[in-house]
Every structure is written in structure tokens, then in C-alpha cells.
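One structure is given here, and the rest of the page talks about it.
The values are calculated or read from the model by the stated rules, or taken from the named source; none is laboratory data. Predicted model, so just to flag it, every value in this text is computed and none were measured. Glycine gets a Cβ as well: all are built from the backbone with ideal geometry, and neighbour counts include every protein chain shown. What goes into the accessible areas is simple: the full protein's heavy atoms, side chains included, and nothing from ligands, DNA or RNA. Shrake-Rupley method; radii C 1.70, N 1.55, O 1.52, S 1.80 Å.
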Amino acid sequence: MEASVILPILKKKLAFLSGGKDRRSGLILTIPLCLEQTNMDELSVTLDYLLSIPSEKCKARGFTVIVDGRKSQWNVVKTVVLMLQNVVPAEVSLVCVVKPDEFWDKKVTHFCFWKEKDRLGFEVILVSANKLTRYIEPCQLTEDFGGSLTYDHMDWLNKRLVFEKFTKESTSLLDELALINNGSDKGNQQEKERSVDLNFLPSVDPETVLQTGHELLSELQQRRFNGSDGGVSWSPMDDELLAQPQVMKLLDSLREQYTRYQEVCRQRSKRTQLEEIQQKVMQVVNWLEGPGSEQLRAQWGIGDSIRASQALQQKHEEIESQHSEWFAVYVELNQQIAALLNAGDEEDLVELKSLQQQLSDVCYRQASQLEFRQNLLQAALEFHGVAQDLSQQLDGLLGMLCVDVAPADGASIQQTLKLLEEKLKSVDVGLQGLREKGQGLLDQISNQASWAYGKDVTIENKENVDHIQGVMEDMQLRKQRCEDMVDVRRLKMLQMVQLFKCEEDAAQAVEWLSELLDALLKTHIRLGDDAQETKVLLEKHRKFVDVAQSTYDYGRQLLQATVVLCQSLRCTSRSSGDTLPRLNRVWKQFTIASEERVHRLEMAIAFHSNAEKILQDCPEEPEAINDEEQFDEIEAVGKSLLDRLTVPVVYPDGFSYRIATER
């Protein structure tokens with residue numbers, strides 16, 4: 001019976017061998033009863049297992065059974081004692097029933113075990129826990145009975161399981177290893193070629209079993225198996241000395257058979273490894289030169305857009321993924337071959353080197369083809385990306401050119417023109433980049449035939465080349481059309497700038513003329529103190545009028561230029577509605593005021609000239625002037641001048657302005 005079969009029962013600790021001994025050196029078997037009803041069948045199984053552990057020599061010394069009834073009922077204790085008669089009658093020499101204090105006295109009178117000694121076959125005594133030392137030494141009793149013996153039931157059970165497991169596994173493993181090794185020693189070809197899974201692999205790992213055995217032996221040698229660490233001279237297995245040789249013998253046999261097994265494995269592994277390597281090498285080579293190469297032959301296009309190129313890239317990544325699995329096999333095989341070459345077996349060197357060279361050539365050639373295809377698709381993706389960006393730039397530029405320009409002023413026109421030039425420059429840069437990408441892609445396509453495995457890729461290459469050149473030519477034509485439209489738009493915008501400038505300058509001319517008019521009316525008021533001064537004022541006034549005339553003419557020219565520009569631009573000038581009338585009105589006002597100023601200065605000159613002439617004739621006595629007629633003429637001129645000074649200047653719009661007079 002094995003402990004693993006009845007493990008749930010053993011865990012209940014219905015009975016146990018603590019390792020203690022009675023005074024006759026017999027084993028002490030303890031049966032701790034509890035408040036709950038004890039299952040007699042499980043107790044019987046537990047006792048059968050425990051009594052199977054000691055050797056016959058140990059059993060001959062007899063057992064002392066301690067029935068702990070302190071937590072149980074009398075009828076249960078009675079049943080257990082009677083059961084011992086059937087389970088271990090010959091081995092039991094004494095049964096100590098540990099009773100609770102002053103509890104069973106009356107019931108004991110109804111059944112006296114000592115009277116039944118002959119029928120039971122062993123002596124039964126009722127004893128209190130504190131008096132148990134009369135029959136057993138305290139050092140052989142567990143702590144439950146006031147002793148000093150340490151016992152851990154789960155620890156004992158775990159170690160017992162280890163021992164039984166090791167014994168069972170090692171015995172089975174020895175049989176398997178002997179069968180394998182003996183079959184290999186026969187040298188029969190059929191035995192060598194027998195399937196590995198039938199006689200080559202043992203059912204358990206020898207290393208694990210050996211490790212378990214060494215650990216178990218260490219436990220036995222340290223006297224911790226089925227015993228305590230407290231210096232007890234004997235353990236539940238009195239055959240601890242027997243268990244150690246048994247474990248050591250099993251370990252020695254295992255090491256011997258395992259060493260032979262390892263050598264057999266090495267030889268078979270070598271043969272098997274070489275066959276597997278050769279088989280795997282041919283699998284890799286056949287796939288790369290067959291389906292792998294066919295996949296690459298079927299992929300020759302570059303796509304006509306970013307999405308198409310990305311789809312081809314995804315397909316190529318799938319192909320690469322399939323190749324990666326075989327390349328991983330290649331790396332593993334190469335390492336295995338290198339290891340075998342380093343082993344130095346002369347008989348296999350030539351074959352291994354040939355396999356290694358063949359495998360490397362095929363894998364490197366296929367890897368270079370994959371890399372070339374990946375670079376080609378990446379270049380195509382970049383080319384289509386640049387083409388798409390350039391197309392978007394041209395669309396944006398064309399959209400900007402198709403929108404009619406309606407700026408508010410010349411500054412906004414200049415800003416729009418600058419933006420237009422920047423977009424055109426960006427298009428130039430994009431087109432140059434497209435040409436560079438396209439040329440690089442064409443160069444790569446021209447080298448595609450070098451790995452075509454004899455396949456004629458001229459037709460496929462021609463389609464790719466025509467597509468690339470067609471894209472570049474189309475972009476060039478679109479760019480040229482945009483440049484032509486930009487030239488027209490630039491001319492129009494420059495004309496608009498000139499139009500706004502003319503309108504602004506015309507308005508400025510009106511302002512200048514208004515300022516001249518205001519200066520004429522407010523500051524040009526003196527008539528002079530004599531004829532000479534008045535002549536000087538008249539000369540200055542004529543120059544002043546010339547300046548005003550030039551300003552007016554300049555404004556008229558600007559307004560005429562705006563009319564011409566508006567006709568060219570097919571638009572309406574903002575200045576055509578008010579600037580020209582304002583210019584004419586101010587000029588008319590200036591002309592009236594200027595003519596009035598000239599009349600007054602001329603009358604002042606006449607007045608001063610006649611007066612000075614009379615005064616020169618009679619400088620000492622002016623009151624003695626006798627020429628009444630001449631005096632009357634001077635007086636008439638003076639009064640006429642005074643009267644003119646009092647007359648307001650009337651403008652065409654009805655506004656009047658009186659010129660100040662010099663008193």
C-alpha cells in the first residue's frame with residue numbers, strides 16, 4: 001500500500017508512529033481520538049499502512065499503543081481497543097488508554113480490560129495523561145502527553161511520500177534504462193532504427209529522479225527522515241539504516257545506467273541530428289527555390305498611387321514573413337552545423353560543409369532579392385507621395401488662381417502676390433524632388449532584370465517606366481499651365497497695385513490743392529506798401545499759381561490713368577465717382593480766388609504807382625497838388641480797390657469766403 005493512495009486518510013492523523021519507544025524498545029503507536037465520530041474503516045486502513053513500515057525485526061519487539069480517549073466517548077475507545085485485536089494482535093504488547101480525569105470510573109466497572117487479556121492477546125490499562133510516564137519515558141512521549149518528543153505529522157507524511165515516490169520512480173526508470181541500453185548494445189540494425197518514442201525516451205526524467213534521490217539520501221543521513229532533530233536514537237522506521245543503503249543502491253544503479261544511457265543518446269542524437277539537418281536543409285532550399293522564388297516573380301509592379309504601393313508593400317511584408325520563418329530555420333541549422341563541425345568528426349565534415357555552403361548560397365540570394373524588392377517598393381511609395389503632395393500643391397495654386405481678386409488696398413494685393421510667388425516656388429521645389437525620386441526609381445527598375453531568374457520582365461518594366469515618366473510629364477504640364485496663369489494674375493495684380501496707387505496719389509493731389517487753396521485764402525492777403533513790394537507779391541503769386549496748376553494737372557493725369565487701368569482690368573474705379581468732381585471743384589475755387597488775388601494786386605500796383613508819381617512830383621508839399629484830375633484818378637482807383645476788398649469771394653457751390661484786408 002502506498003501513502004499517495006490513502007493520502008486524504010493519512011492527513012487526518014487517525015494514528016501515527018511518533019518515533020518514540022517503550023522500555024522494551026518497542027514502537028509506540030498513538031491513536032488520538034477526537035470529539036467527532038472516528039471512522040473505523042479509515043482507522044483500520046491507517047493502522048495497516050503504519051504497521052507495514054517497520055521491518056520484521058522491529059515488529060518482533062512489539063508495539064505499545066496509546067489510545068488518547070480524553071476527547072472521545074467510552075464506547076468509541078472500547079471499539080478501538082477491540083479492533084486492535086483483529087488488526088495487530090500479535091504485535092501489540094501493551095495498550096494504554098488515556099482517560100479523562102474522573103469520568104469513566106463507573107463505566108469501567110462494566111468492562112474490565114485486564115480480565116480480557118487472554119482473549120484480547122494484549123494488556124490494556126487505563127491511565128491518566130500525567131501518569132503515563134510510569135510506563136513510558138517522558139523523552140519518548142510527545143508534547144500532547146507531557147513529553148519532550150517533537151513530532152510533525154505533515155512533515156513525516158511529506159517525507160514518506162518522497163521516499164515512496166523515489167523508490168517507485170527509480171525502480172521503473174532502471175527497468176526502462178536497462179531495456180534501452182541493452183537494446184543498443186545488441187547492435188541490431190533494426191533495434192537502432194526503431195522509433196525513438198518506443199524505446200529511446202524514459203517515462204521520467206533521470207536527472208529529476210537522481211536529484212530527488214540525493215536530497216532524500218541527505219535527509220536520511222541527517223536523521224531527519226521519519227524522526228526528529230532532538231537527538232532521538234531511533235525513528236519510526238527503525239530501518240533508517242536499511243533505507244539509506246536501499247536509496248544508495250538505487251542511486252548507484254541509476255548513475256550507472258544513466259551514464260550508459262547518455263552515451264547511447266549521444267550516438268543516436270548525433271545520427272538523428274545529422275539526418276534531421278540534411279532533411280531540413282533540403283526543405284529550406286526546396287521552398288526558397290520553389291514557392292519562395294515564385295512569389296517574388298509574381299510581384300513586379302510598383303503601383304500607380306500611394307494606396308496601391310502600400311498594398312504591394314503589405315503583400316511583400318507577408319512574403320517576407322513567410323521567408324522569415326525559413327530564415328529562422330536557416331540560422332538554427334547553421335548553428336547546428338557549426339557545432340557539429342567544431343566537434344571534429346572527420347567522417348561528417350565534407351557532407352556538413354557542403355550542406356552549409358548550399359544553404360548559405362540559397363538564403364543569401366533570396367534575402368538580397370527580398371531587400372531589393374522592399375527598396376523598390378519604398379522608392380515607389382516615396383515617389384507617389386511626392387507626386388501626391390505636388391498634385392495637392394498644384395490644386396491649391398490653381399484654386400487660388402481661379403478665385404477672382406478683390407483686395408481692399410495695395411498692401412493686401414502685395415501680400416497676395418507674395419503668397420502666390422511662394423506657392424509657385426514651392427511647386428518648383430516639389431517638381432524637382434519628384435524628378436529626383438522618379439529618376440532614382442527608374443534606376444532601380446533598370447536593375448530589376450538582374451534577379452529575374454531568366455524571366456523576361458521587359459514588358460512589366462516598360463509599364464512601370466511609362467507610368468513614372470507619365471506622372472512626371474503630367475506634373476510638368478500642370479506646373480506650366482499654372483505658371484502661365486500666375487503670369488497673367490501677376491500682371492493683373494500689378495495693374496491693380498498701380499490702380500490703387502493712382503487713386504491714392506489722385507486723392508493726395510486733391511488734398512494738396514485744397515491746402516494750396518486754404519493757404520491762398522488765409523495767408524496770401526497782403527497787397528504791399530508800395531508798387532515795388534506789390535509787384536514782388538504778384539510775381540510770387542504767379543509762381544504759387546503755377547504750383548497749383550502743376551498739382552491739378554498731376555491729379556488729372558492720375559485720374560486718366562485710373563480710367564485706363566479700370567478699362568484694362570474691367571472694373572470700376574473707386575475714385576471715378578468723387579475724386580474727379582472734388583478735384584475740379586477745388587481747382588475752380590482756387591482759380592476764382594487766384595484771379596481775384598491777381599486783380600487786387602494789379603489794382604494795388606496801379607494805386608501805388610500813381611500815388612508815388614504824384615508824391616515824387618511834389619515831395620515837400622503834397623497838399624499843394626494842383627492837378628485835380630490826376631488826384632481824382634488816384635482817389636477813384638483807391639476807392640475801387642477798397643470796394644473790391646469788401647466784396648466776398650463766391651464759390652460755385654454757394655459758399656462764400658471774405659478775403660481779409662490789410663488795414
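Quick check on my filter: what residues within region 458-487 are of a type in the set (S, T, N, Q) and more than 27 Å from residue 376 (Cα to Cα)? Walk me through how you get there before you give the answer.
From region 458-487, those of a type in the set (S, T, N, Q) are 458, 461, 464, 469, 476, 480; that's our starting set.
Hit for region 458-487 is 480, nothing else.
Return the residues of region 124-158 that are closer than 12 Å to residue 19 by Cβ, under 60 Å from the mean Cα position of the chain (by Cα) and assigned to a helix (DSSP H, G or I); say none if nothing qualifies.
Across region 124-158, the qualifying residues are 153, 155, 156.
Where residues in region 514-547 are open to solvent by 30 Å² or more (accessible area, probe 1.4 Å) and of a type in the set (S, T, N, Q), which of them is nearest to residue 582 (Cα to Cα)?
514
Here is a list of conditions, (1) more than 21 Å from residue 567 (Cβ to Cβ); (2) part of a helix (DSSP H, G or I), and residue 493 meets all of them except one; can you say which number that is?
Only one criterion in (1) more than 21 Å from residue 567 (Cβ to Cβ); (2) part of a helix (DSSP H, G or I) is unmet by residue 493, namely (1).
Restrict the check to region 295-307 and report whether at least one residue is in contact with a Lys or Arg (Cβ under 8 Å, 6 or more places away or on another chain) and crowded, with 17+ Cβ neighbours inside 10 Å.
Taking region 295-307 first, the residues in contact with a Lys or Arg (Cβ under 8 Å, 6 or more places away or on another chain) are 296-297, 299.
Of the ones still in play, those that are also crowded, with 17+ Cβ neighbours inside 10 Å are 296.
The answer is yes, given that some residue of region 295-307 is in contact with a Lys or Arg (Cβ under 8 Å, 6 or more places away or on another chain) and crowded, with 17+ Cβ neighbours inside 10 Å.
Being surrounded by 14 or more Cβ atoms within 10 Å (Cβ to Cβ) and over 18 Å from residue 93 (Cα atoms) is the filter here; which residues of region 54-78 pass it?
69, 70, 72, 73, 74, 76, listed by residue number.
Out of 287, 300, I need the residue that is touching a residue at least 12 places away in the same chain (Cβ under 8 Å) and under 24 Å from residue 438 (Cβ atoms). Which one? Can you show your working first?
Working: 287 fails: under 24 Å from residue 438 (Cβ atoms).
The match here is 300.
Condition (residue is crowded, with 18+ Cβ neighbours inside 10 Å and more than 30 Å from residue 485 (Cα to Cα)) applied to region 337-347: is it met by at least one residue?
Keep residues of region 337-347 that are crowded, with 18+ Cβ neighbours inside 10 Å, which gives 337, 340.
From the residues that got through so far, the ones that are more than 30 Å from residue 485 (Cα to Cα) too are 337, 340.
Among the residues of region 337-347, at least one is crowded, with 18+ Cβ neighbours inside 10 Å and more than 30 Å from residue 485 (Cα to Cα), which makes the answer yes.
Sort out which residues of region 5-38 are among the polar types (S, T, N, Q), at pLDDT below 90 and open to solvent by less than 70 Å² (accessible area, probe 1.4 Å), and write them in order of number. Walk me through how you get there before you give the answer.
First pass over region 5-38, keeping only residues among the polar types (S, T, N, Q): 18, 25, 30, 37-38.
When the remaining residues are screened for being at pLDDT below 90, the result is 18, 25, 37-38.
Passing the criteria: 18, 25, 38.
For region 547-558, indicate whether the set of residues that are at positive phi and of a type outside the set (Lys, Arg) is non-empty.
no
Farther than 30 Å from residue 497 by Cα and aliphatic (A, V, I, L, M): is that true of residue 411 in this structure?
Details: farther than 30 Å from residue 497 by Cα: no; aliphatic (A, V, I, L, M): yes.
Considered against the rule, which asks whether it is farther than 30 Å from residue 497 by Cα and aliphatic (A, V, I, L, M), residue 411 comes out as no.
Which one of these is under 29 Å from the mean Cα position of the chain (by Cα) and either modelled with pLDDT of 85 or more or not polar (S, T, N, Q) (or both): 277, 337, 319? So that I can check it myself, show each step before the final result.
Values: 277 fails: under 29 Å from the mean Cα position of the chain (by Cα); 337 fails: under 29 Å from the mean Cα position of the chain (by Cα).
Checking each option against the conditions leaves just 319.
With respect to the numbered conditions (1) within 21 Å of residue 645 (Cα to Cα); (2) without any contact (Cβ under 8 Å) to a residue 60 or more places away in the chain, which one is the sole condition not fulfilled by residue 556?
(1)
Can you confirm whether region 276-283 contains a residue that is open to solvent by less than 80 Å² (accessible area, probe 1.4 Å) and either small (Gly, Ala, Ser) or under 27 Å from residue 170 (Cα atoms) (or both)?
Within region 276-283, not a single residue is open to solvent by less than 80 Å² (accessible area, probe 1.4 Å) and either small (Gly, Ala, Ser) or under 27 Å from residue 170 (Cα atoms) (or both).
Just checking, how many residues over region 24-53 are on the phi > 0 side of the Ramachandran plot and part of a helix (DSSP H, G or I)?
Step one: filter region 24-53 for residues on the phi > 0 side of the Ramachandran plot, giving 25.
Those still in the list that are part of a helix (DSSP H, G or I) too: none.
Adding up the residues that qualify gives 0.
With respect to residue 550, determine if the residue is at pLDDT 85 or above, open to solvent by 40 Å² or more (accessible area, probe 1.4 Å), among the small types (Gly, Ala, Ser) and out of contact with any strand residue (DSSP E or B) (no Cβ under 6 Å at 6 or more places or on another chain).
Numbers: at pLDDT 85 or above: yes; open to solvent by 40 Å² or more (accessible area, probe 1.4 Å): yes; among the small types (Gly, Ala, Ser): yes; out of contact with any strand residue (DSSP E or B) (no Cβ under 6 Å at 6 or more places or on another chain): yes.
Judged against the criteria, residue 550 is a match.
When you check residue 295 against the structure, is it within 30 Å of residue 474 (Cβ to Cβ) and part of a helix (DSSP H, G or I), yes or no? Outline the logic, then answer.
Numbers: within 30 Å of residue 474 (Cβ to Cβ): no; part of a helix (DSSP H, G or I): yes.
Answer is no for this residue.
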